[in-house]
Structure formats: structure tokens, C-alpha cells
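Colleague: Structure incoming, see below.
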Amino acid sequence: MKYRISPVDPLISRDARPFGAGSPMHSMSWLSNTLIAGAVRTVLWKNSGEPDSIETMKALKAAAVKGIFPLLEGKMYFPRPLDIIKSAESIYQIKPCEIPEGCGANMPLDGLLPSMPDAEEDFKPEKLNAFWEKNLMIKWLKDGKNDFSLDESRTLPAPPQDERVHACIDRKTGTAVDGKLFSTRGLDFIRKESSGKGFVREQISIDIEGCELPEKFTAPLGGERRLAEFEISEGDKDLWQYPQELPESFGERLRLILAAPAIFAKGWLPDWIDENTLTGEIPNTSVTVKLVSAVTERWQPVSGWGYERGKTGPKPMRRAVPAGSVYFFRVTSGTLEAQDIWLKSICTNEQNINDGFGLVLPGQW
């Protein structure tokens, strides 16, 4: 089932930094997978009337919540790929490159190639918006830099942050406690229309499987329990489908771009890749590949607050590979049907898959 989320208030998706009196409550630049999944499962539990038990928690965790893609004026957006760099005049694509004779590179694994932009001179990269319109991403997946034009009107910056100052209220007197102030920073989803004449509320598209929910409901999301409206939107199925513009298979050279953060037991390296041979089988396929190179950014913290029986309190922090990261492979056996992996997870942990981590967009390089 495809749902649209319409935030009523600016939403807080906290990072892993501690928070207390006198310190700000920081928000990440985009909503976390666990935040959305937790909100959906809480609604599911309240509607079920089941007791708070270990069996109930297991059943709730089996519900799969995927996506968290921006929707604006009927268009869906994906996280910007990290294998593109733009200067004031040109666009450059980052690709695996052979190490010239007489040179060396300190790579984390033997046999792994570095990735470099196809530029002949130094330049200062420009800052790019956080999200790309689906059709723009399709063009990049298919052709890369060839005949590619980065139209900024088809990209979307991360939501601006709304900062508010709060006071601690004494429950007995109903008045503010002296000296106890704190601030929060939330993501504001009110955007300017493309025409520039007015404002429109940005929505979020998610996919929910393995459970039944009302067609429309309101639920708290994230820090401060701010509200958001959920409404089923089966018309969004077309936005999630594999695009006809892309080929059925990408041949020997396969490029996978993370459309959602990924959590692997080996850090940046997918669990199913052998550290010695750099080969492995893509999850849920019979296709064997060899990792050639990867482009990633600094790890993204994943934490939260747990309400599970016996586990109430802050969750241990985990490190996720950020969305937009790119993995370059060579297919060594089998033929990958691209539509079979489109917006599917390459994680191996079942709970990470149900939480929507590791969704990929296939392309060629």
C-alpha cells in the first residue's frame, strides 16, 4: 500500500547528539527510516488491541515500511547520487579509475579501485540540492554524464529548519521554570510553488506491506510528538514502478545507487561481498558480481528511543551508509533483470529490510 504523509507541523528527526536543558534538540536534514517505521507500527498496535507482549512486538516488526521519498506538486524525488560533481561551468562524473604506473592509493581492501571525477584540472565543487526529480535520476542512471543537463528546477533542497525556543513548565503552578529553556529545530515542509506565486505543502511517499491500516489517520512523528496526516494513495504506484525508459538489463557494468541509507555488518561494505575476493551474490537474485569501487560519504547515525518491553530507553547508535552512495560492480555470472532490484533492499538483516534500509536504484557505468 502506498501512503502519502502530510506533516502538520515541522517535524524533528533527531540525530545522535545528546539533548538536555540549555542545549538544542538537533534534527537531521531528512527523516530517518526508523522514525517513520516506528510511528506506523505504533498506530498498528493501537488499532489491533493486542497486549504489549514479546509476540506482539515481533508481529509489529514484521510490517515493512519503505520509501520516505519527497513528493512535491505530483513529482517524486530521490536522494542525490554522490557520483556527480558540478563546477561553475561543467558537470563531472565520478567513476572507477586504474591506478597509473608508479602511483599508489591507500584503499581499504586489496583489489578495490579508487573513484575519481573525469576532470583534468582542479576546481571548487558547487553545493548541489539534496533531492532529484525521478525523471532526472532516470537520465543519470541510464546515460550518466552523456547529454546530461543538471536543471536546478528539477532538484529539491533539504527542508529548511524551523527553530523554536521552549520553556520548562512547572506542573504544579503552570508557570515557566526560571532558567530552564531549550530550543528545537524541525524540518519545515512548506515550499514555494514552482510558479513562485504561492506556497504548497511538501508530502512524503512511503510503501507499507504486511499489515492493514486505516485509509486515513493522524499520528505523532519524531521529537515533541508533532503531528502528520497519513492517507492511502494507490495512484502513487506508478511513481514507484520501474521506468520504461531504462533497459531490462545493464549488462556487465552495474551501478547501484542507494535510495535509502543502508546498514551493513561490515560498515560501508555490503554483507554479501567477500572481503578477500570482492565477489558476492546480490540478495534475492542468482547474479554474482565483483565490487570494483564505491563512492560514499561520512556515516550517518541511526538511533532513537525504544518502547519495547524490557528495552525501554535510548537505542544503541548504529552507523549507516548514507543515501546517494554509489557502488560499482562487474557482473561475473547470471543476468540481472533490473526491474527485480528496483527499489529493493540489498541489506541482509531482515529487520533492516523491514525498516526500509538499503533500497537501490540500478544503472550502468
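The values are calculated or read from the model by the stated rules, or taken from the named source; none is laboratory data. Model, not experiment: these values are computed from the prediction. For the accessible areas, the whole protein counts, side chains as well, though only heavy atoms, and no ligand, DNA or RNA atoms are used. Shrake-Rupley method; radii C 1.70, N 1.55, O 1.52, S 1.80 Å.
Colleague: Would you calculate a helix-derived [θ] at 222 nm for the chain, using -39,500 (n - 2.57) for each DSSP H run of n ≥ 4 and dividing by the full residue count, to the nearest 500?
Modeller: It lands at -3500 deg cm²/dmol.
Colleague: So which aspartates and glutamates pass the test for LYS145, namely a Cα distance under 15 Å, with those fewer than 8 places away in the same chain ruled out?
Modeller: ASP83, GLU89, ASP118
Colleague: List the pairs from LYS61/LYS216; LYS46/LYS344; LYS86/LYS197 whose alpha-carbon separation is above 23 Å, in the order I gave them.
Modeller: LYS46/LYS344; LYS86/LYS197
Colleague: If you roll a 1.4 angstrom probe over the protein chains with everything in place, what fraction of the accessible area of the chain belongs to carbon and sulfur, to the nearest %?
Modeller: C and S fraction of accessible area: 47 percent.
Colleague: Right, here's the next one. In square angstrom, rounded to the nearest 10, how much accessible surface does LYS290 have for a 1.4 Å probe?
Modeller: Counting only protein heavy atoms, LYS290 exposes about 90 Å² to solvent.
Colleague: Need the list of aspartates and glutamates near LYS311 for cross-linking: C-alpha distance under 14 angstrom, and skip anything on the same chain fewer than eight residues off.
Modeller: Answer for LYS311, where 14 Å is the Cα cut-off: ASP52, listed by chain and number.
Colleague: Another question about this same structure. Quick one: Cα centre-to-centre distance for the stretch 85-126 and the stretch 230-303, in angstrom?
Modeller: Using only Cα atoms to place each centre, the spacing works out to 22 Å.
Colleague: Based on the alpha-carbon gyration tensor of the stretch 215-365 and its eigenvalue square roots a ≥ b ≥ c, which shape applies: rounded if a/c is under 1.5, prolate if not and a/b is larger than b/c, or oblate?
Modeller: Judged from the Cα gyration tensor, the stretch 215-365 comes out oblate (a/c at least 1.5, b/c at or above a/b).
Colleague: Assuming a ≥ b ≥ c are the square roots of the Cα gyration tensor eigenvalues, decide whether the chain counts as rounded (a/c under 1.5), prolate (otherwise, with a/b larger than b/c) or oblate.
Modeller: Prolate, because a/c is 1.5 or more and a/b exceeds b/c.
Colleague: Against the longest alpha carbon principal axis of the chain, how many degrees, from 0 to 90 and to the nearest 10, is the axis of helix 33-48 turned?
Modeller: Long axis of 33-48 versus the principal axis of the chain: about 50 degrees.
Colleague: Another one. Keeping every protein chain present and rolling a 1.4 Å probe, give me the accessible area per residue for the chain in Å².
Modeller: 52
Colleague: Could you state the angle between the C-alpha long axis of helix 134-143 and the longest principal axis of the C-alpha atoms of the chain, as a value from 0 to 90 degrees rounded to the nearest 10?
Modeller: Once rounded, the angle reads 20 degrees.
Colleague: Work out from phi, with θ = phi - 60° and the Karplus expression 6.51 cos²θ - 1.76 cosθ + 1.60, the ³J(HN,Hα) of each residue of the stretch 50-60, listed in order in whole Hz, and give x for Gly and Pro.
Modeller: These are the phi-based 3J(HN,Hα) values: 6, x, 7, 9, 4, 5, 5, 4, 4, 5, 5 Hz.
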